[in-house]
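Only one structure is covered here, and it is reproduced in the block below.
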Amino acid sequence: MASPNSPKIHQIHDLTELSELALQLKNSLKKPSLLLLNGELGAGKTALTKKIANHFGFAENLIKSPSYSLINIYKNDHIQINHLDFYRLNGHDQFLLNELLEISVLPNALTIIEWPERLDLQALFSKVKQILQIDLSLKNQGENTFRQIEIHDKSN
Ligand SMILES: Nc1ncnc2c1ncn2[C@@H]1O[C@H](COP(=O)(O)OP(=O)(O)OP(=O)(O)O)[C@@H](O)[C@H]1O
Ligand SMILES: [Mg+2]
């Protein structure tokens, strides 16, 4: 039997399957929650974020990649989604980390970070209720291309 901490591995073939996975993630969320999205350029980190946000009532075309702004925030009565992308970060950014420490611990916060390894997030980990590390990768099987999405529960 799989131990509670073994990763959940999904093979995702299209945006419909991605949306189904996003719904599962939505339903298992324990706020304040932190999702760390790892994966190469184009792996589907922003696409997954759009699907999750959509299940929380935000139109997908409203959700823009924060590669330049570093951070985008979407709020409604139920949730505050903090979407960050550290791809363009050059070294440590204490100002950004301080802002993150404030907004990600709010009781209704869902914080989603692309390229999370580019900032030391250690200070954050003890302050949220749920930490999911999500590894996305593009796979080829003959003619078939799909995305493998591994979900590792790193919650305290
Ligand atoms: N599961 C999927 N099925 C089909 N297309 C997908 C899937 N996931 C992502 N895509 C498409 O792949 C392209 C790149 O995805 P996306 O922008 O989400 O990548 P990313 O990981 O956020 O990249 P970056 O590191 O540049 O931010 C988009 O056009 C997106 O619609
Ligand atoms: Mg992206």
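Which residue is nearest to ASN156 (Cα to Cα), if the candidates are limited to the range 35-56 and must be within 9 Å of ligand 1 (Cβ to nearest atom) and touching a Lys or Arg at 6+ places or on another chain (Cβ under 6 Å)? Before the answer, list the steps.
Initial filter on the range 35-56 (within 9 Å of ligand 1 (Cβ to nearest atom)): 37, 39-51.
With touching a Lys or Arg at 6+ places or on another chain (Cβ under 6 Å) added as a condition, the list becomes 37, 39, 44.
Details: LEU37: 18, GLY39: 23, GLY44: 26 Å.
So, considering only residues that are within 9 Å of ligand 1 (Cβ to nearest atom) and touching a Lys or Arg at 6+ places or on another chain (Cβ under 6 Å), the one nearest to ASN156 (Cα to Cα) is LEU37.
Is it the case that some residue within the range 100-112 is of a type in the set (Asp, Glu), more than 13 Å from the chain's Cα centre (by Cα), more than 30 Å from HIS13 (Cβ to Cβ) and surrounded by fewer than 19 Cβ atoms within 10 Å (Cβ to Cβ)? Don't jump to the end; show me each part of the working.
As a first pass, look at the range 100-112 and keep what is of a type in the set (Asp, Glu): 102.
Adding the requirement that they be more than 13 Å from the chain's Cα centre (by Cα) leaves 102.
Now narrow it down to the ones that are more than 30 Å from HIS13 (Cβ to Cβ): 102.
If we keep only those that are surrounded by fewer than 19 Cβ atoms within 10 Å (Cβ to Cβ) as well, we get 102.
Taking every residue of the range 100-112 in turn, at least one turns out to be of a type in the set (Asp, Glu), more than 13 Å from the chain's Cα centre (by Cα), more than 30 Å from HIS13 (Cβ to Cβ) and surrounded by fewer than 19 Cβ atoms within 10 Å (Cβ to Cβ).
Tell me the residue from LEU48, LEU100 that is assigned to a helix (DSSP H, G or I), modelled with pLDDT of 95 or more and within 13 Å of ligand 2 (Cβ to nearest atom), please. Give the steps one after another, and end with the answer.
Working: LEU100 fails: within 13 Å of ligand 2 (Cβ to nearest atom).
Residue meeting the stated conditions: LEU48.
Out of all the residues in the range 86-107, which are in contact with a strand residue (DSSP E or B) (Cβ under 6 Å, 6 or more places away or on another chain) and free of Cβ contacts under 8 Å to residues at least 40 places away in the same chain?
Residue satisfying the conditions is ILE103 alone.
Here is a list: ILE71, ILE113. Which entry is in contact (Cβ under 8 Å) with a residue 40 or more places away in the chain and either of a type in the set (Lys, Arg) or touching a strand residue (DSSP E or B) at 6+ places or on another chain (Cβ under 7 Å) (or both)? Step through it out loud before you land on a result.
On the way: ILE71 fails: in contact (Cβ under 8 Å) with a residue 40 or more places away in the chain.
None of the other options fit; the residue is ILE113.
The values are calculated or read from the model by the stated rules, or taken from the named source; none is laboratory data. Computed from a predicted model, the values in this text were never measured in an experiment. Heads up, the Cβs are rebuilt from the backbone with ideal geometry, glycines too, and the neighbour counts pull from every protein chain shown.
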